[in-house]
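This report concerns only the one structure given below.
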Amino acid sequence: MGWFSKKLHSIRERLFGKGQQGKKLSGRDAKQQRGSAAQEKVLELPAKEPEAHRRRDPYFIQIGLDFGTSYSKCICRDIMTDKAWIYIPSKIPDNELPFLIPSTLVFQDDMISYPEEAGTLYPEKGLYNIKNALVSVANGNFEDSSLRPYLNAIGGSEHELLHEFVTGCAVYFLAGTIGDIRQKILERFSGLGEHPQDYMAINMAIPVESAQQPNVNKIFEQVLKEAWGLADRIAGHPVLHWKEFQSIRENRESDIYSDEACNIYPEVSANVQGFIRSRVSSPGIYLFSDTGGGTVDQSVFIFTRQDNQAHLNYLAGRVLPLGSSHIERLAAEESGHTDCFALETWKEKKERGEDVPELRNAQHKIYRDLELGSSGTLALAKKKLFVKNQMNDIRLIFCGGGHRNYPYKKAVMRPFSGPLFSRSISPRVIGLPTPVDIELKDHETHWMRRLYVAYGLSFEKSELAPFTYPNEMSNPKPEEVWQRYRKFTEAPTKEQC
């Protein structure tokens, strides 16, 4: 058990006060309360404590982990100084984008490990799309294509065994990643863990569509908590026999206090934290389309602000299996070779922008499917509106490492000229601002389009904007829907003439 898990009980009292653990505080109030409580604790330290402990306030480090389908990303924040920085993994996968963490494992001869070759998404005997596989087993979709590598690895299709294997792989990946993140934090903050009130916490995101499903939300929360508890032992993804790894899992001590450091939050809400905090933001209705490696995550939400408190009301949230990695998969299928080497080859051709028939056909299919999917997202959202014409004022936010003008932007824009609208409209596209509270060099600012989720998650959970899920928003009854009626002037009577 790590040092942080033994400190959390007193930390809870320091952060929230006795009997106020559930009370919502504004960002400024929470920070003031943390600072003042920390000072009181420092003054109360017994004389036998080392002098170094009394010379500084406690550290409070918030980890924001974007668990991605193809790549994961992380941003950490020193809550007491409100400064954030990008986590760079020990095994740098990409010299140009060193913050990317391939969400991929290797399972060979009953040994679980992390790929040795930097940056590869499709290693031999690879287990990829871990997040999608976890959603599939949580929903009981055991025939989903994301589970094929896992079925091949265990050599069977027994549902209970497959569920356990996928869950274990997710725990191994997250524990190894979180362990390395914590080691990097320890290197950055000398003496972290020596003060009795030092504290770490983690926020992790999942799509709105998944987050509102209790079975999916539950499995992600369980996996995160288990990985958090194992992180010190699995840091850096050591090569382990599967039985040895299972033994480590079974012998983990349960600690309800360390569990409380783990929080699940919707991806879109995390993505727009920087936007809703900025001066350029304004209340209204938005369509958010985030193109990742495996999926396009779309949400329509109404952003409101009252008494300086932002709130996000989701009208619709969908996860469309149309991310950028599907382009190389479709091209590989058309070429007749779908092995790991072929997938890596087509991925490189796609990233170089090669104009070949297989890639053109793949992009065109993604375009058609995403046009239909985006129409479905907008239609679901429109059902929730009391004033249907409100959709005409919608604004668009595009994000994600896989986002491109074609096929992604053009496909999402197409439905606004379709039958959902009485007339064609051209929604305004809103850009997300570059945060000023994060360590970024000039040549690194373009990294942010891949990092907005992790950035949003780096705020302490009481400071994250509250939200309402789509399934908590009821459809209005017909008589509640506001209709614009045309006023007709009555014809004049004979007497009036």
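The values are calculated or read from the model by the stated rules, or taken from the named source; none is laboratory data. Note that this is a predicted model, so its numbers are computed, not measured. For neighbour counting, all protein chains shown are included, and Cβ atoms are generated from backbone atoms with ideal geometry for every residue, glycine included.
Among the residues of the stretch 326-341, are any assigned to a helix (DSSP H, G or I), modelled with pLDDT under 90, surrounded by fewer than 22 Cβ atoms within 10 Å (Cβ to Cβ) and at negative phi?
Initial filter on the stretch 326-341 (assigned to a helix (DSSP H, G or I)): 326-335, 340-341.
Retained after the next criterion (residues that are modelled with pLDDT under 90): 340-341.
Those still in the list that are surrounded by fewer than 22 Cβ atoms within 10 Å (Cβ to Cβ) too: 340-341.
Narrowing the set further to residues that are at negative phi leaves 340-341.
Yes, that holds for at least one residue.
Mind checking whether some residue in the stretch 412-425 is of a type in the set (Ser, Thr, Tyr), closer than 25 Å to residue 282 by Cα and touching a residue at least 60 places away in the same chain (Cβ under 8 Å)? So far as the stretch 412-425 goes, no, none of its residues is of a type in the set (Ser, Thr, Tyr), closer than 25 Å to residue 282 by Cα and touching a residue at least 60 places away in the same chain (Cβ under 8 Å).
Against the conditions (1) closer than 18 Å to residue 457 by Cβ; (2) part of a loop (DSSP other than H, G, I, E, B), residue 185 satisfies every one except (2).
If you check residue 261 against the conditions, is it in the same structural domain as residue 64 (by TED's automatic domain parsing), in contact with a Leu (Cβ under 7 Å, 6 or more places away or on another chain) and within 20 Å of residue 131 (Cα to Cα)?
Working: in the same structural domain as residue 64 (by TED's automatic domain parsing): yes; in contact with a Leu (Cβ under 7 Å, 6 or more places away or on another chain): yes; within 20 Å of residue 131 (Cα to Cα): no.
When the stated conditions are applied, residue 261 does not pass them.
Being touching a residue at least 12 places away in the same chain (Cβ under 8 Å), charged (D, E, K, R) and in contact with a Lys or Arg (Cβ under 8 Å, 6 or more places away or on another chain) is true of residue 328. Taking the conditions exactly as written (under 19 Å from residue 176 (Cβ atoms), acidic (Asp, Glu) and either assigned by TED's automatic domain parsing to the domain that holds residue 380 or modelled with pLDDT under 95 (or both)), does residue 232 satisfy them or not? Answer is yes for this residue.
Being within 30 Å of residue 383 (Cβ to Cβ), out of contact with any Asp or Glu (no Cβ under 8 Å at 6 or more places or on another chain) and either assigned by TED's automatic domain parsing to the domain that holds residue 114 or in a loop (DSSP other than H, G, I, E, B) (or both) is a property that does not hold for residue 301.
Picking from 417, 474, 424, which residue would you name as being outside the structural domain of residue 306 (by TED's automatic domain parsing), over 25 Å from the mean Cα position of the chain (by Cα) and surrounded by fewer than 15 Cβ atoms within 10 Å (Cβ to Cβ)? Step through it out loud before you land on a result.
Working: 417 fails: outside the structural domain of residue 306 (by TED's automatic domain parsing); 424 fails: outside the structural domain of residue 306 (by TED's automatic domain parsing).
Criteria check complete, one pass: 474.
Within the set 210, 254, the sole residue that is at pLDDT below 85 and either farther than 27 Å from residue 115 by Cβ or among the basic types (Lys, Arg) (or both) turns out to be 254. Working only within the stretch 398-429, note down all residues that are part of a strand (DSSP E or B) and at pLDDT 90 or above. The answer is 398, 428, 429.
Residue 83 falls short on exactly one of the conditions (1) surrounded by fewer than 22 Cβ atoms within 10 Å (Cβ to Cβ); (2) closer than 15 Å to residue 184 by Cβ; (3) of a type in the set (Lys, Arg), and that condition is (2). For the stretch 369-381, name all the residues that are in contact (Cβ under 8 Å) with a residue 12 or more places away in the chain and surrounded by fewer than 19 Cβ atoms within 10 Å (Cβ to Cβ). If the condition is that a residue be in contact (Cβ under 8 Å) with a residue 12 or more places away in the chain and surrounded by fewer than 19 Cβ atoms within 10 Å (Cβ to Cβ), then 369, 371, 375, 376, 379, 380 are the ones that fit. Taken residue by residue, the stretch 203-222 has no member that is more than 20 Å from residue 268 (Cβ to Cβ) and in contact with a strand residue (DSSP E or B) (Cβ under 8 Å, 6 or more places away or on another chain). Condition check for residue 436 on (1) touching a strand residue (DSSP E or B) at 6+ places or on another chain (Cβ under 7 Å); (2) β-branched (Val, Ile, Thr); (3) at pLDDT below 90: one failure, at (1).
Can you tell me which residue is nearest to residue 313 (Cα to Cα) among those in the stretch 194-241 that are of a type in the set (Asp, Glu) and surrounded by fewer than 24 Cβ atoms within 10 Å (Cβ to Cβ)?
Taking the candidates together, the pick is 221.
Looking at (1) modelled with pLDDT of 90 or more; (2) surrounded by fewer than 24 Cβ atoms within 10 Å (Cβ to Cβ), can you tell me which one residue 305 breaks? Result: residue 305 passes all but (1). As a summary of the residue check, residue 137 satisfies the conditions (1) more than 17 Å from residue 69 (Cα to Cα); (2) touching a His at 6+ places or on another chain (Cβ under 6 Å); (3) surrounded by 21 or more Cβ atoms within 10 Å (Cβ to Cβ) except for the one numbered (1).
Take residue 289 and tell me if it is over 27 Å from residue 127 (Cα atoms), crowded, with 19+ Cβ neighbours inside 10 Å and touching a helix residue (DSSP H, G or I) at 6+ places or on another chain (Cβ under 7 Å).
no
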